[in-house]
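Can you read through this structure? Questions will come right after.
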Amino acid sequence: MEFAGMAEAAALLMFIAFSATAAAAADSSRFDDLFQASWASDHMIYDGSVLKLKLDNFSGAGFASKNRYIYGKVTAEIKLIGGDSAGTVTAFYMSSEGSNHNEFDFEFLGNVTGEPYLVQTNIYVNGVGNREQRMDLWFDPAADFHSYSILWNPRQVVFLVDETPIRVLRNEEKKGIGFPGYQAMGAYSSLWNADDWATQGGRVKTDWSHAPFVVTYRGVSINGCEVAVEAGEEEEVRRCGGSEWGKEGRYWWKAPEMEELSVHQTHQLMWVRAKHLVYDYCTDSARFPSAPPECGR
């Protein structure tokens, strides 16, 4: 037991070291080296270190990565809209293109003053989503910056909040459970009005007297296997999936300790689900009389 504890501690320290190294490398890049406005650039304010997206009754705004990736980790430090944010949605996600696209979503659902934000995660596989989970958070996400990350490798997708895992999808293809791999994905974020569904099922509408609504970003980073379009996606899937080293350096996100949660991380995930999960599609028998196959894990 003592040896197992030492092994777990060593794995955790290695995980922290890899994460810190990756973050340092990614943070050395400016936002405009990695990203560009995807719509409404006149509703973006950027000074080189802090980015703000603005929503008013004319428009929201969004940005997208300039490149595509197969496996890696994306992170954004975000301070959400304070006060009455009802009706607004701040999205941070990865997605491929086309009708059969794959996608990993963070969606931060605004609320009336004094009520907690809800964080919705969703996963699309070959164009099919409907895998929503919602939870509140153990802090006020509008009071300060917090980090939100998506780790993606051949074995799992992990959603992390301040490096605490809040959701995991394992690669169980051999058991018939779909896994969103093998498509080059970009990183995106946007701020928009969704008062037809976002707050209390659409019963609470956006109060435009509080506009403009502003969400602030810093430390938006990507550390992953960048796809070379000219090489062809099939070849890039093979390169990114089969290598431990590449033009980006060591593919730390594929290291053995990244293939599954540590014991400590598993305990964190259990705590989050026990204390903060408010909706899980897996237990919604009205929508899914037969639970989707991944829900048995």
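The values are calculated or read from the model by the stated rules, or taken from the named source; none is laboratory data. Please read all numbers here as calculations on a predicted model, not as lab measurements. When we count neighbours, we look across all protein chains shown, and the Cβ atoms used for this are built from the backbone with ideal geometry, even at glycine.
Since residue 143 meets every condition but one in (1) crowded, with 16+ Cβ neighbours inside 10 Å; (2) in a loop (DSSP other than H, G, I, E, B); (3) aliphatic (A, V, I, L, M), which condition does it not meet?
Tallying (1) crowded, with 16+ Cβ neighbours inside 10 Å; (2) in a loop (DSSP other than H, G, I, E, B); (3) aliphatic (A, V, I, L, M), residue 143 fails exactly one: (1).
Here is a further query. Farther than 20 Å from residue 257 by Cβ and at pLDDT below 90: which single residue out of 31, 18 fits that description?
Of 31, 18, the one residue that is farther than 20 Å from residue 257 by Cβ and at pLDDT below 90 is 31.
Any idea how many residues of region 119-134 are within 14 Å of residue 168 (Cα to Cα) and part of a strand (DSSP E or B)?
Looking only at that region, the number is 7.
Now for a different question. Mind telling me which of the residues 237, 278, 220, 272 ends up being surrounded by 13 or more Cβ atoms within 10 Å (Cβ to Cβ) and at pLDDT 95 or above?
Going through 237, 278, 220, 272 in turn, just one is surrounded by 13 or more Cβ atoms within 10 Å (Cβ to Cβ) and at pLDDT 95 or above: 272.
Return yes or no: is residue 150 under 20 Å from the mean Cα position of the chain (by Cα), in a strand (DSSP E or B) and under 27 Å from residue 45 (Cα atoms)?
yes
Additional query: Quick test of your reading of the structure: residue 164 fulfils all but one of (1) more than 20 Å from residue 275 (Cα to Cα); (2) touching a helix residue (DSSP H, G or I) at 6+ places or on another chain (Cβ under 8 Å); (3) surrounded by fewer than 21 Cβ atoms within 10 Å (Cβ to Cβ). Name the failing condition by number.
That leaves (1) as the condition not met.
Considering only region 43-93, state which residues are among the polar types (S, T, N, Q), farther than 21 Å from residue 160 by Cα and crowded, with 23+ Cβ neighbours inside 10 Å.
Passing the criteria: 85, 88.
Residues in region 237-289 that are in a helix (DSSP H, G or I), in contact (Cβ under 8 Å) with a residue 60 or more places away in the chain and farther than 23 Å from residue 136 by Cα: how many?
9
While we're on this one: Restricted to region 69-98, and to residues that are acidic (Asp, Glu) and not in a strand (DSSP E or B), which residue is farthest from residue 238 (Cα to Cα)?
84
Please go through region 168-209 and pick out each residue that is surrounded by fewer than 17 Cβ atoms within 10 Å (Cβ to Cβ) and more than 30 Å from residue 238 (Cβ to Cβ).
196, 197, 200, 201, 202, 203, 205, 207, 208, 209, listed by residue number.
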